[in-house]
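Asks: Please read through the structure below; I'll follow up with questions.
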């Protein structure tokens with residue numbers, strides 16, 4: 001079982017008595033869910049994985065618990081920004097931080 005599938009199964013069992021109970025509640029055929037957990041979730045429909053993650057309150061990118069005080073869309077955006085940031089070399093990281101500092105000082109870009 002791949003790492004992501006293990007994390008997903010762990011999240012299911014943390015909130016439900018069994019994988020079967022979760023499959024019934026989600027309206028996903030039990031055999032489909034078990035196969036995905038055994039062989040990897042890459043074959044599952046993206047929408048199904050997102051629904052499952054929402055129900056389990058986990059991030060659909062890395063299956064870590066979501067912060068209940070921050071909207072899912074904002075957490076996904078933060079994750080996306082960090083994925084880009086870690087790809088940069090030191091010069092690129094420094095430049096991005098400078099740009100963010102510049103934008104943070106401009107009122108029209110502040111949260112309301």
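Asks: Quickly run through the stretch 25-35 and pick out the residues that are surrounded by 14 or more Cβ atoms within 10 Å (Cβ to Cβ) and either out of contact with any helix residue (DSSP H, G or I) (no Cβ under 9 Å at 6 or more places or on another chain) or closer than 15 Å to residue 55 by Cβ (or both).
Replies: 26, 28, 33
Asks: With respect to the numbered conditions (1) loosely packed, with under 10 Cβ neighbours inside 10 Å; (2) under 29 Å from residue 42 (Cα atoms), which one is the sole condition not fulfilled by residue 77?
Replies: Tallying (1) loosely packed, with under 10 Cβ neighbours inside 10 Å; (2) under 29 Å from residue 42 (Cα atoms), residue 77 fails exactly one: (1).
Asks: Collect the residues in the stretch 53-102 that are at pLDDT 90 or above and touching a helix residue (DSSP H, G or I) at 6+ places or on another chain (Cβ under 6 Å), keeping them in residue-number order.
Replies: Result: 56, single match.
Asks: OK, next. Please list, ordered by residue number, the helices (runs of 4 or more DSSP H) wholly in the stretch 10-110 having 1 or more residues that are without any contact (Cβ under 8 Å) to a residue 60 or more places away in the chain and over 22 Å from the mean Cα position of the chain (by Cα).
Replies: Counting at least 1 such residues, we get 19-26, 30-39, 90-104.
The values are calculated or read from the model by the stated rules, or taken from the named source; none is laboratory data. All values reported here derive from a predicted model rather than from experimental measurement. Quick reminder, even Gly has a Cβ in these numbers, built from the backbone with ideal geometry, and neighbours come from all protein chains shown.
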